[in-house]
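The block underneath contains the structure these notes are about, expressed in structure tokens.
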Amino acid sequence: MKIAIVCYPTFGGSGVVATELGIALSKRGHEIHFVTYKQPVRLEYLTHNIHYHEVIVPEYPLFHYQPYELALSSKLVTVIKKHQIDVLHVHYAIPHAYAGYMTQQMLKEEGVSVPMLTTLHGTDITLVGSHSFYKPAVNFSINKSNAVTSVSHSLKKDTLAIFSIENEIEVIPNFIDFSKVKESFQDCKRYLMAAPDERIVIHISNLRPVKRIQDVIQIFYRIQKNVKSKLIIIGDGPDREMASKVAHELGIRDKIIFLGKSNEIERILCFSDLFLLPSEKESFGLAALEAMAYKVPVISSDTGGLPEVNKDGVSGFLCEVGAVDEMAEKAIYILESDDRLEKFKKQAKKIALDFDIHQILPKYERLYKKIMLQVTQHNRQ
Ligand code: GMT
């Protein structure tokens, strides 16, 4: 199949899922065309069947806001016609599903039909999409998609509660490509990060308010009082300074390392002992799943789709949002014993294996075929 994938090219959930999916599909012989404003961060190599088309929005003095949807839909029309794309897969509803629908309408005028699958990722529904500024357009474009998927049952439930959805929503969870996960990473430089007798606690996110970074610091404050440890924070975002300030006030700033944005997940997770994800909302928690795949247990909040990924008492623990004392208690329970830590590490990996990409890919392929057939049948009528 020839598949056009639209996504955000940045670090973080939806872009990573879209990119990994595209790469994996290309390995199964499909021709993949990424259409976005920058080469996706996880897309290191372009091959004969992975292409990237840049969406450029020229600056014009009249535009107070640059019309990205317009540029995206125009680019999609060109790419779909030139490469005879069979199916369009948009990740993150805003504005991609809207631009995708416009693309379909423009192509229809020229006698070209291309089906569109929209994958909902979380904040496009729960935070941004539900705002009255966007809601009618998001509702419309979800209903106009030929198929809709959500990354968790929880997100499906939220979508149905927030919007008036007439379309079927299929749950296809996020995944891990275990062919890229080595059993032990040879170049693991743990000694650069902590002393041999220290545990390494980690947090990876875009440091937005929804991630509750202040809770990460408070949990770690309680952990380090009981277990000799370091906290490593990966990612960058609006709450980074606040986190640093809180750490400073608590007198633990020297035990926290901010590493900024990184693409070298394996290099970081190989030396990590515990992952903290105390988010306010989380439709899935891909960062937690990636940690588990590298044998790092997770202490998370029990919000959204997290209970579908992190299994309480098995791959880590789940606590109520904001329950920093309890999260710290559970973290200490895991970290204070070598044997227990080892047990949780193994269990985390075992749960992560349920999300192997090879179980997930056929679900997308089946859906692509289904909507392609629907469009063909519709054209025949
Ligand atoms: O985590 C973020 O805030 C980034 C955001 C995104 O859209 O890239 O992540 C969302 O999609 C990810 C991939 O499906 C999910 O794993 C995250 O849970 C989800 N984030 C939220 O729901 C807050």
* Name the residues in segment 212-226 that are closer than 20 Å to Y294 by Cβ and not hydrophobic (A, V, I, L, M, F, W, C), would you? -> none
* Asked: Only one of (1) buried (at least 20 other Cβ atoms within 10 Å of the Cβ); (2) over 18 Å from I213 (Cα atoms); (3) within 13 Å of the ligand (Cβ to nearest atom) fails for P278. Which number is that?
  -> (2)
* Name the residue, out of A99, A161, A137, A147, that is under 18 Å from K363 (Cβ atoms) and in the same structural domain as H33 (by TED's automatic domain parsing). => A147
* **Condition check for R212: touching an Asp or Glu at 6+ places or on another chain (Cβ under 7 Å), farther than 13 Å from I232 by Cα, surrounded by 14 or more Cβ atoms within 10 Å (Cβ to Cβ) and basic (K, R)** => yes
* Going by the conditions given, is Y8 within 18 Å of L88 (Cα to Cα) and of a type in the set (F, W, Y)? -> yes
* Asked: What pairs can you find where one residue is in segment 144-163 and away from the ligand (no atom under 15 Å from the Cβ), the other is not in a helix (DSSP H, G or I), and their Cβ atoms are less than 6 Å apart, with a gap of 6+ or different chains?
  -> S145/M116; S145/T118; N146/P115; N146/M116; A147/L117
* To do: May I ask you to list the residues in segment 1-37 that are in a loop (DSSP other than H, G, I, E, B), within 19 Å of the chain's Cα centre (by Cα) and surrounded by fewer than 24 Cβ atoms within 10 Å (Cβ to Cβ)?
  => Y8, P9, T10, F11, G12, Y37
* **G313 more than 21 Å from F355 (Cβ to Cβ), at pLDDT 95 or above, surrounded by fewer than 19 Cβ atoms within 10 Å (Cβ to Cβ) and of a type in the set (G, A, S)** => no
* Residue tally, condition more than 13 Å from the ligand (Cβ to nearest atom) and surrounded by fewer than 16 Cβ atoms within 10 Å (Cβ to Cβ), over segment 228-239 -> 1
* Structure fact -> The correct count of residues that are touching a strand residue (DSSP E or B) at 6+ places or on another chain (Cβ under 7 Å) and buried (at least 16 other Cβ atoms within 10 Å of the Cβ) in segment 73-83 is 4
* Structure fact -> If we ask which residues in segment 186-208 are more than 17 Å from the chain's Cα centre (by Cα), in a loop (DSSP other than H, G, I, E, B) and surrounded by 17 or more Cβ atoms within 10 Å (Cβ to Cβ), their number turns out to be 2
* Structure fact -> For segment 173-195 the number of residues that are modelled with pLDDT under 85 and either among the aromatic types (F, W, Y) or within 16 Å of the ligand (Cβ to nearest atom) (or both) is 1
* Would you mind finding the one in K211, K225 that is in the same structural domain as L341 (by TED's automatic domain parsing) and either away from the ligand (no atom under 16 Å from the Cβ) or free of Cβ contacts under 8 Å to residues at least 24 places away in the same chain (or both)? => K225
* Counting only residues that are surrounded by 18 or more Cβ atoms within 10 Å (Cβ to Cβ) and within 16 Å of the ligand (Cβ to nearest atom), how many does segment 38-61 have? -> 2
* Structure fact -> Cβ pairs under 6 Å, 6+ apart or interchain, first in segment 246-258 and of a type in the set (A, V, I, L, M, F, W, C), second outside any strand (DSSP E or B), ordered by first then second residue, are V246/Q214; V246/I217; A247/I217; A247/R253; L250/Y221; I252/Y221; I256/A247
* Matching residues in segment 215-225 - criterion: being surrounded by 14 or more Cβ atoms within 10 Å (Cβ to Cβ) and out of contact with any Lys or Arg (no Cβ under 7 Å at 6 or more places or on another chain) -> D215, V216, I217, Q218, I219, F220, Y221, R222, I223
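The values are calculated or read from the model by the stated rules, or taken from the named source; none is laboratory data. This is a predicted model, so every value here is computed, not measured. In this analysis, Cβ positions are derived from the backbone assuming ideal geometry, glycine residues included, and neighbour counts consider all displayed protein chains.
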